[in-house]
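Notes follow once the structure below has been shown.
The values are calculated or read from the model by the stated rules, or taken from the named source; none is laboratory data. The shown structure was predicted, so the numbers you read here are calculated from the model rather than taken from an experiment. Neighbour counts are summed over all protein chains in view; Cβ atoms, including those assigned to glycine, are modelled from backbone coordinates with ideal geometry.
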Amino acid sequence: MNRFSLLLLSLLISSSLFAQTGILSGYIKDKQTQMPISAASIQIEGANLGAISDENGLFSIKDLPTKTYNIKVTCIGYEAQVIYNIVIASGNSEVLTVELLSNSKNLAEVLIKKNPFRKNAETPLSIQSLSAQEIKSNPGGNFDVSRVIQAFPGVSGTAGSVGGYRNDIIIRGGAPNENVYYLDGIEMPSINHFATQGSGGGPTGILNISFIEDVTLYTGAFPAKYDNPLSGILQLKQRKANTQKLDQNFRLGASEAAYTIDGPISKKVSFMASARRSYLQILFQLLKLPIQPSYWDFQYKVDVKLSNKLSFYTLAVGAIDHFTFLNPGTLSPENLFILKTNPFIDQWSYTNGYGLKKSIDKGYWNLTFSRNRLQNEYNKYEDNQNPSEANRNLKIVSKEAETKLRFEYNKFINQFSYSFGTMLQYVSFENSVFAKIDSSRKIQSASAMQFWKYGAFGQAALNMLDNRLSVSLGARIDGNSFTNTGLQFSPRLSASYVLMPQLKFNTAIGSYYKLPSNTVLGYKDANHNFANLVPYIQCNHLVAGLEYLPAIATRFTLEAFDKQYSNYPISQIDGISLANKGGDFSVLGNEPVVANGQGKSRGIEFQFQQKLVKNYFVVLSYTYYKTMFTNLNGSYYAASWDNRHLISFIGGLKLKNNLELGLKFRYQGGAPFTPLDTLASRSVYARTGNSVYDNTKFNQFRLDPFYACDFRIDKKWNYKKWSLDLFMDITNLFASMQTQIPTYTFARNADNTAFLTSDGLALKEDGSNGIYYATPKEKASTIPTIGFILAF
């Protein structure tokens, strides 16, 4: 018996001999005033244990057997709430923040039932949420928020990435740059490493899931307080740190190692901090791949309780990314393609924010101040293995910084509520570009700009007809000092009507605006003038649907949506709408554009969701949609994200002895693509490593559909002061084939030491004697991961 088997056997024996316990603690507060709630009852379903919150809203339950629970919180005058899938372990305390909603009709008794899928009147539909545990245990999710939410209805990834290497979020057919991200009320321009500038997608996330308490995704019916979304809002809420003791954990996963620490600094101050380091570069070296991506990221949050009514916090997220190349040993056509088409990347970014929250009579206000910065440098050479200025093809150096101030005021008066607020941003952008088209043509430009963005919003909601009907009306105005296109007025209206006790009809309509990215606005022409003084992109939404709740933890939803776009920028170079770009490693929008593009996306979504009941949970969704955008010629074409069909199934099973199983099935219809122009590609590829596509046949072909199963198994061991979670996660369990968008490269000889040519001579500078090599159309990759989480 080897040493690993002996260790595993000892863990099994010791954990079975000594039953361990954990701690559940937390904070109960009023959702409308943010004030602490005393005398709330916290009950552990399935166990004769509980607690009562103190005058500060705090509670603690010790000696809980280590397993998974549902937690019920009740209080006179409030609607009860059930928090599902809470895992208690001996290593770290589980800390919850629970917000209860006041119920004026429930003053004499505790309300026993509460809808766990409850929504605000402002957003009665097109909203999904996830707990931290659901993200952690998601098969194939790799502890990454962007990957996990791709299982929601209407959400997918870019072509070729549903099984793998990109985190682009496509919502109801919209481009990856149409989404906005908020962390505890602080806006982040991107939540990914190696972010595509101007778009936001990338290969892996920068947020440590150990910090996250829950995630909310809006795919329509956007609240008026958020500016710039066209397709989605991802709102991430961080948990409270442990205020009783120091907690630490170390995680080793598929691509990185992570260390997290949290605890009290003083009686009223607590903190969380983490650092993560990738080891992808080591894995790729072992696999003899020519690329070497590496990254660091850092994250912290400090909470200060100034009084029961006033709290302060500060947070930061930072990332350092490097993408270089290694000698692959064998220069196969595939490796040569990787070397010639990818740039060196040096990128770093951070978001730093401060927030002040004050409880007032029947409401609260928030004030946030933040700054985010991105520095991005791309370098590309004819020979990336031997880079020099003489063979440079590309150099882009870009710096973006945004300083933001936001204020939000919320008031709740019986069945009526209202909110209003303002926003002010200062934007600074610098960009320099050198690009070699061929041996005789080069592009060299530099630009810098500074401008202000400003906005204001107001929203009101009213419950009527004995709470059977809720209506919300909101609007916001936005403007800026750069484009001089005037103020944009963005109205929205939503309503929800209870048809019968378990069935609701929900609808929303709204007009939303987004200012094009800084890379678009900052582009200068040959005369050094800003060439893209374009208007805001507009998208009108109409959504309607039914919600059926046959049981307290079960939900069926059916929604139909219609999105109409206008003023979308279109490239004057290739004639393609920017709505079809942004899903690769590049800079989006650094080119001359005209803003007369139109677009439309329509579809229907179905979802069945069963929260954790007894020992299992299930989520099933199906989406059908059709998305089209116009190009420069004014004709509509299928969008690059027009997959038509999306199916997702996730199931989880909690077994005895802290053993958990998870299964996910994904299906994504074939995405449109444009075929290569092999003749034009020959000379361009030889000089720059780029392919040329035949845009006269834009998106007239489709990839084959992709489907895959992901499987995950977790086994937890609990000891007196520490716990161990050992997991195995297998992505694409059955090695389903995935078709690839065609790419251009040259054929190599049998031993991969030289190019094959039509005349037997060395490859000419213009590639005219090169022989086109068709890269494999399909690939299958099963990615097994064995990792662990050590908590102490």
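Quick rundown of the values:
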| read-out | value |
| --- | --- |
| Qualifying positions in the range 351-379 - surrounded by fewer than 19 Cβ atoms within 10 Å (Cβ to Cβ) and among the aromatic types (F, W, Y) | Y354, W365, F369 |
| Any strands (runs of 3 or more DSSP E) falling wholly within the range 248-331 and containing at least 2 residues that are touching a strand residue (DSSP E or B) at 6+ places or on another chain (Cβ under 8 Å), among the small types (G, A, S) and at pLDDT 95 or above | 256-264, 269-278, 310-325 |
| Residue among K309, K301 that is in contact with a Leu (Cβ under 9 Å, 6 or more places away or on another chain), in the same structural domain as K268 (by TED's automatic domain parsing) and touching a residue at least 40 places away in the same chain (Cβ under 8 Å) | K301 |
| Positions within the range 447-503 being among the charged types (D, E, K, R) and touching a residue at least 12 places away in the same chain (Cβ under 8 Å), in sequence order | K453, R468, R476, D478, R492 |
| Hits in the range 501-523 - residues which are in a loop (DSSP other than H, G, I, E, B) and either outside the structural domain of G198 (by TED's automatic domain parsing) or under 20 Å from L588 (Cα atoms) (or both) | L515, P516, S517, G522, Y523 |
| Tally of residues being modelled with pLDDT of 85 or more and more than 24 Å from S432 (Cβ to Cβ) across the range 579-593 | 2 |
| Test: residue in the range 204-216 that is at pLDDT below 95 and among the aromatic types (F, W, Y) | yes |
| Search result, residues across the range 94-119 that are at pLDDT below 90 and under 26 Å from I789 (Cα atoms) | none |
| Single match in I265, I291, I261 (criterion: crowded, with 16+ Cβ neighbours inside 10 Å, farther than 30 Å from N335 by Cβ and β-branched (V, I, T)) | I261 |
| Checking A224 against (1) surrounded by fewer than 24 Cβ atoms within 10 Å (Cβ to Cβ); (2) in contact with a Lys or Arg (Cβ under 6 Å, 6 or more places away or on another chain); (3) closer than 27 Å to Y454 by Cβ, the condition it does not meet | (1) |
| Filtered residue count, the range 26-42, keeping only those that are surrounded by fewer than 19 Cβ atoms within 10 Å (Cβ to Cβ), free of Cβ contacts under 8 Å to residues at least 60 places away in the same chain and closer than 20 Å to S93 by Cα | 0 |
| Test set (1) more than 25 Å from the chain's Cα centre (by Cα); (2) at pLDDT 95 or above - F711 fails condition number | (1) |
| Residue selected from the range 430-450 under the condition charged (D, E, K, R) and buried (at least 16 other Cβ atoms within 10 Å of the Cβ), by the criterion modelled with the lowest pLDDT | K436 |
| Residues of the range 227-247 satisfying the condition of being among the hydrophobic types (A, V, I, L, M, F, W, C), in contact with a helix residue (DSSP H, G or I) (Cβ under 9 Å, 6 or more places away or on another chain) and outside any strand (DSSP E or B) | L230 |
| Test: G787 is farther than 16 Å from V684 by Cβ and assigned by TED's automatic domain parsing to the domain that holds N718 | yes |
| Residues within the range 258-279 that are among the hydroxyl-bearing types (S, T, Y) and in contact with a Phe, Trp or Tyr (Cβ under 7 Å, 6 or more places away or on another chain), tallied | 3 |
| Residue list for the range 632-645, filter: among the aromatic types (F, W, Y) and either touching a Cys at 6+ places or on another chain (Cβ under 6 Å) or not in a strand (DSSP E or B) (or both) | W641 |
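The rows are residues; the columns are (1) within 26 Å of K715 (Cα to Cα); (2) out of contact with any strand residue (DSSP E or B) (no Cβ under 9 Å at 6 or more places or on another chain); (3) at pLDDT below 95.
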site: Y27; (1), (2), (3): no, no, yes
site: D30; (1), (2), (3): no, no, yes
site: E45; (1), (2), (3): yes, no, yes
site: N48; (1), (2), (3): yes, yes, yes
site: K62; (1), (2), (3): yes, no, yes
site: N70; (1), (2), (3): yes, no, yes
site: S90; (1), (2), (3): yes, no, yes
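To keep it simple, each residue is scored yes or no on (1) aliphatic (A, V, I, L, M); (2) at pLDDT below 95; (3) touching a Leu at 6+ places or on another chain (Cβ under 9 Å).
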{"residue": "S428", "(1), (2), (3)": "no, no, no"}
{"residue": "W452", "(1), (2), (3)": "no, no, yes"}
{"residue": "F457", "(1), (2), (3)": "no, no, no"}
{"residue": "L462", "(1), (2), (3)": "yes, no, yes"}
{"residue": "N484", "(1), (2), (3)": "no, yes, yes"}
